[in-house]
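Remarks on the structure that follows.
The numbers here are math on the coordinates, done by the rules we state, and not lab data. As the structure is a computational prediction, the values presented were derived from the model and not from experiment. Note that each Cβ is placed from the backbone with ideal geometry, even for glycine, and that neighbours are counted across all protein chains shown.
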Amino acid sequence: MTDTRTPTDTSTAAPACEELGLREQKKRQTRLAMHRAALELVAEHGLSAVTAQMIAQRAGVSTRTFFNHWSTKESAILGVVGDEGPRAVASLREKLVVMTVRQALHAVMRDGIANVPVDPELRDLKKRVMAKEPSLQSMSTGNLQAMQAELVDVLTESLDGEHARDHAEIMVQVGFALTRSAFSIAMRRGIDPVRAFDQVVAVYLRDDIDL
């Protein structure tokens, strides 16, 4: 088929993509500011005393902006956007169409770690808050388990054999373990989490590569 687009089609595409990238970067910066503010406030006042309005004020945004990003104050504290699980599941389904099961799962894990902020101070602050507020730890664990269960369901559909679900569960658990290892290495070395993830996966797949 002949490409009938004019030169102006391609000249306008780049600025549009660039604008979209800048918009997404600004959204991430805003979310990070609110996440940090939420953790600081809980560390200072305790979970029960903190409100969404307080978090918004500390982050320098409106309450409306807060609820455009987070469904609850707890989600802001944990740094978990409400649709992360569904988006990961949808992404896995799409990738399974063109990738092997392992490749698709690793791609989803890689996308996920790309959105994790690398900030040692923020990480330490979150650890202190989670230790101070056990209910947040329980909530975080529950969110993670729910996402893992959904991913297992999707993988099970793509695997053959009577032990398909067992294999899917193992693959998902390994995928999250690789992500945790990559994030730990990224924090320790001060490198990009995606780069660390690629290195960890390389070691997992081959035993003759030095990390």
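Of the residues making up the stretch 116-132, those that are within 21 Å of ALA33 (Cβ to Cβ) and in contact (Cβ under 8 Å) with a residue 24 or more places away in the chain number 10. Restricting attention to the stretch 53-99, the residues being more than 21 Å from the chain's Cα centre (by Cα) and acidic (Asp, Glu) number 0. Please count how many residues of the stretch 157-198 are part of a helix (DSSP H, G or I) and either touching a residue at least 24 places away in the same chain (Cβ under 8 Å) or surrounded by 18 or more Cβ atoms within 10 Å (Cβ to Cβ) (or both). Looking only at that region, the number is 21. When the stretch 126-145 is filtered for residues that are surrounded by 13 or more Cβ atoms within 10 Å (Cβ to Cβ) and polar (S, T, N, Q), the ones remaining, listed by number, are GLN137, SER140, ASN143.
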